[in-house]
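Trainee: There's a structure below that I have some questions on.
None of the figures in this text is laboratory data; all of them are computed from the coordinates on show. As the structure is a computational prediction, the values presented were derived from the model and not from experiment. Backbone-built Cβ (ideal geometry, glycine too); neighbour counts: all protein chains shown.
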Amino acid sequence: MGVKAAPVSLCLIARNEEHCIADCLNSVRHLVTEIIVADTGSTDQTKAIARQHGATVLDYCWQDDFAAARNFTLRQAQGEWLLVLDADEILAPVSGRDFFQLLAADAAEGYYVKICSFLDGADQAAEDFVVRLFKNKPEYKFAGAIHEQVAGSIKRHNAGGGLAFAGLTIHHFGYLAREVSLKSKFSRNTAIIKKALLQNPHDPFLHYSLGIEYLQREDAHTAVGYLYKSVLALRGDEMYFPQVLFALILGLIHDPGQVPCDVQDVIQQAVQMLPDAADLLYLQGFWLLQRAQYEQAAGVLATALQKAPEMLPAWKIYALQGDACCLAGHTAEAEHAYFSACCLAPQELYSLTQMLGIRQRQTSRYSWEKLSGFASWEMKRTLRDALCKSANYPLALVLALLSLLDSRSVDDALRFLQLCNICRIRMKTGEELRNRVIDLLTVGAEEVCVCA
């Protein structure tokens with residue numbers, strides 16, 4: 001017998017989102033029975049596209065208050081459950097069976113969902129957990145003019161409980177440079193937060209939110225001031241407390257003169273408060289590495305890898321551990337860390353280039369065949385072609401060789417020969433050593449081609 005599909009209303013607010021709203025709605029169309037869109041003044045095709053996807057579109061007068069706009073959509077919804085998204089978000093694939101089993105279990109009034117916010121740069125993302133799926137009850141309302149939350153409302157009406165983790169993921173693209181530029185997010189967000197601070201000057205979440213805006217603007221000096229105020233006003237049991245500490249320490253690493261205490265002391269106290277926070281250990285390792293304390297950094301990062309990071313992908317910790325071990329003179333450990341980073345994020349080529357550097361110094365324990373195992377043949381060919389397009393021919397040549405080792409095919413051998421010739425042509429005159437290397441690689445490729 002199948003699980004009964006509880007009626008679910010999707011609620012979102014939008015303004016000039018014609019470039020992304022269709023993807024958002026398509027990601028949940030098999031899960032929701034109703035779509036409520038509050039449009040705050042679109043001048044493009046946002047409303048028309050939303051209606052084409054079955055949405056009820058309502059005009060809403062923007063009041064510089066995200067919570068008020070969210071709550072407007074909640075009041076219109078008829079579903080038993082509410083799912084809240086932004087137009088620049090999509091729900092990661094989930095089957096209807098799994099989704100409705102979660103709702104049928106009735107284990108909570110609301111669920112934390114992982115928000116994976118993509119940043120500029122390949123595989124750059126920040127993660128957070130926010131309540132976005134909850135029962136439709138009039139007492140459950142959002143609060144906060146910006147970075148609005150509904151969790152507090154649910155907890156207040158359930159003796160501090162009522163929430164669980166859903167195992168769902170939302171992909172958020174709003175922090176990509178194009179999105180930020182389109183919406184002038186920094187100016188808009190900081191104006192809203194500062195207006196809210198006039199009414200609640202000691203609100204730690206507002207100070208945290210403002211600090212994050214400046215940190216994303218790469219203004220660590222201003223960010224640290226707000227983040228430090230936030231930390232001082234927190235008890236330590238808030239859901240977002242680890243994120244505040246992480247952001248503060250990240251800011252201090254870039255601008256250490258902003259607080260009346262030693263940065264190392266702040267880091268140490270944070271790690272003592274949250275010993276299982278792999279993200280904080282990563283920052284501690286980074287701090288130690290900056291101060292040439294390579295052995296200590298390697299040890300801290302090894303500890304971090306035994307835990308589960310929440311805000312950073314594990315490959316970043318492996319890559320930094322590789323740097324620490326390499327600088328400490330532990331080549332074998334460095335290679336292992338770099339290779340682990342390569343396997344977790346093949347498209348992040350920093351660790352691969354570090355391994356190639358170790359090979360150049362003739363201290364590598366990894367054969368070409370073993371190194372080739374960091375990614376599938378298809379992935380290596382994709383990387384090779386992308387590097388060619390960006391004119392990074394030396395690294396493309398390496399990926400071509402690794403692809404050839406996998407396939408031993410005529411096509412890959414010919415592509416390798418082609419890249420050898422491109423590299424030869426593009427090299428500066430007088431680079432005799434490089435030319436000899438290219439000659440050797442060319443002969444090797446020709447032999448493989450003949451054998452194939």
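Trainee: Which one, T56, G174, A87, projects farthest toward the positive side of the charge dipole computed for segment 8-179 from Cβ point charges (K/R +1, D/E -1)?
Mentor: T56
Trainee: Looking at the P(r) of segment 8-179, how many percent of alpha-carbon pairs lie beyond 27 Å?
Mentor: That fraction is 20 percent.
Trainee: While we're on this one: Among K380, K229, which comes first, second and so on when ranked by fewest other beta-carbon atoms within 10 Å? Don't skip to the answer; put the middle values down first.
Mentor: Working: K380 24, K229 19.
So the residues, fewest neighbours to most, are K229, K380.
Trainee: Which FRET efficiency, nearest 0.05, do Q63 and D262 yield, Cβ-Cβ r, R0 41 Å?
Mentor: Numbers: r = 44 Å, r/R0 = 1.07.
Rounded to the nearest 0.05, the efficiency is 0.40.
Trainee: Using Cα positions and a limit of under 17 Å, work out the lysines in reach of K137, with same-chain residues fewer than 8 apart set aside.
Mentor: Here the lysines satisfying the reach criterion relative to K137 are K155.
Trainee: Run down the lysines and flag those whose C-alpha is under 24 Å from the C-alpha of K370, throwing out any fewer than 8 positions away in its chain.
Mentor: Result set, ordered by chain and number: K316, K380.
Trainee: Let me ask you something else. Can you give the longest stretch of the chain with no exposed loop site, where a site means GluC sites (Glu not before Pro) in a DSSP loop (not H, G, I, E or B) with at most 12 other C-beta atoms within 10 Å?
Mentor: On the way: sites that count: E139, E218, E431.
That would be 219-430.
Trainee: Also, I was wondering about something else. Do the sum for the chain: with -39,500 (n - 2.57) for every DSSP H run of n ≥ 4, divided by all residues, what is the mean residue ellipticity at 222 nm, to the nearest 500 deg cm²/dmol?
Mentor: That comes out to -17000 deg cm²/dmol.
Trainee: If you stretched the chain out fully between R188 and R75, how much longer would it get, using 0.36 nm times the residue separation minus the C-alpha to C-alpha distance?
Mentor: Numbers: separation 113, 0.36 × 113 = 40.68 nm, distance 2.54 nm.
Value of the extension gain: 38.1 nm.
Trainee: On a 0 to 90 degree scale, rounded to 10, what angle separates helix 314-327 from the longest Cα axis of the chain?
Mentor: Around 40 degrees separate the two axes.
Trainee: So how far apart, in nm, are the two label points at Q269 and D255 if each is 7 Å from Cα heading toward Cβ?
Mentor: About 2.0 nm, to one decimal.
Trainee: Could I ask something else about it? Would you work out the relative contact order for segment 275-361, in percent, from Cα pairs under 8 angstrom that are 6 or more residues apart?
Mentor: Relative contact order here is 23 percent.
Trainee: Also, quick follow-up: What is the dipole size for the chain, taken about its Cα centre, with +1 at each Lys and Arg Cβ and -1 at each Asp and Glu Cβ, in debye to the nearest 20?
Mentor: The calculation lands at about 320 debye.
Trainee: Once you have the Cα-Cα distance between H221 and D411, take 0.36 nm times their residue separation minus that, and quote the gain in nm to one decimal.
Mentor: Computed gain between H221 and D411 is 63.0 nm.
Trainee: At 7 Å along the Cα-to-beta-carbon direction for both D237 and D385, put a label point, then send me their distance in nm to one decimal.
Mentor: With each label placed 7 Å out from Cα toward Cβ, I get 5.5 nm.
Trainee: Suppose R0 equals 22 Å. What FRET efficiency, 1/(1 + (r/R0)^6) with r the Cβ-Cβ distance, do E295 and E369 give to the nearest 0.05?
Mentor: Working from the Cβ atoms, E equals 0.10.
Trainee: Name the trypsin sites (Lys or Arg not before Pro) in segment 1-79 that are in a loop by DSSP and that have at most 13 other C-beta atoms within 10 Å, would you? Each step should come with its number before you reach the end.
Mentor: Details: sites: K4, R15, R29, K47, R51, R70, R75; in loops: K4, R15, R29.
Filter output for segment 1-79: K4, R29.
Trainee: Over all directions, what mean area does the Cα convex hull of the chain project, stated in square nanometres?
Mentor: With every direction weighted equally, the projected area is 26.8 nm².
Trainee: What is the angle, in °, between the Cα long axis of helix 432-451 and the longest principal axis of the Cα atoms in the chain? Nearest 10 is fine, range 0 to 90.
Mentor: Helix 432-451 sits at roughly 90 degrees to that axis.
Trainee: Also, quick follow-up: Rounded to the nearest 0.05, what FRET efficiency do A5 and C343 have when you use their Cβ-Cβ distance and R0 = 45 Å?
Mentor: Once the sixth-power term is evaluated, E becomes 0.70.
Trainee: About the Cα centre of segment 184-259, how large is the charge dipole given +1 on each Lys and Arg Cβ and -1 on each Asp and Glu Cβ? Please answer in debye to the nearest 20.
Mentor: 280 debye
Trainee: Indicate, rounded to the nearest 5 percent, the antiparallel portion of the DSSP beta bridges found entirely in the chain.
Mentor: Of those bridges, close to 45 percent are antiparallel.
Trainee: A further question follows. What full-extension length gain, to one decimal in nm, is calculated for A48 and A308 as 0.36 nm per residue of separation minus the Cα-Cα distance? Present the calculation step by step, with values, prior to reporting the outcome.
Mentor: Numbers: separation 260, 0.36 × 260 = 93.60 nm, distance 4.32 nm.
Going from the current span to full extension adds 89.3 nm.
Trainee: Got a sec to turn the phi values of segment 53-60 into Karplus ³J(HN,Hα) couplings, 6.51 cos²θ - 1.76 cosθ + 1.60 with θ = phi - 60°, whole Hz, x for Gly and Pro?
Mentor: Coupling constants for segment 53-60: 9, x, 7, 8, 9, 10, 6, 9 Hz.
Trainee: Let me ask something additional. Among M355, L227, A375, pick out the residue whose Cα is farthest towards the positive end of the charge dipole of the chain, where Lys and Arg carry +1 and Asp and Glu carry -1 on C-beta, about the Cα centre.
Mentor: Among M355, L227, A375, the one farthest towards the positive end of the dipole of the chain is A375.
Trainee: Using only Cα atoms and rounding to the nearest 10 degrees, what angle (0 to 90) does helix 204-216 make with the longest principal axis of the chain?
Mentor: Result, in degrees: 30.
Trainee: Show log10 I(q)/I(0) for segment 184-259 at q = 0.15, 0.25 Å⁻¹, two decimals, from a solvent-free Debye sum over equal Cα scatterers.
Mentor: With no solvent term, the Cα-only Debye profile gives -0.45, -1.15.
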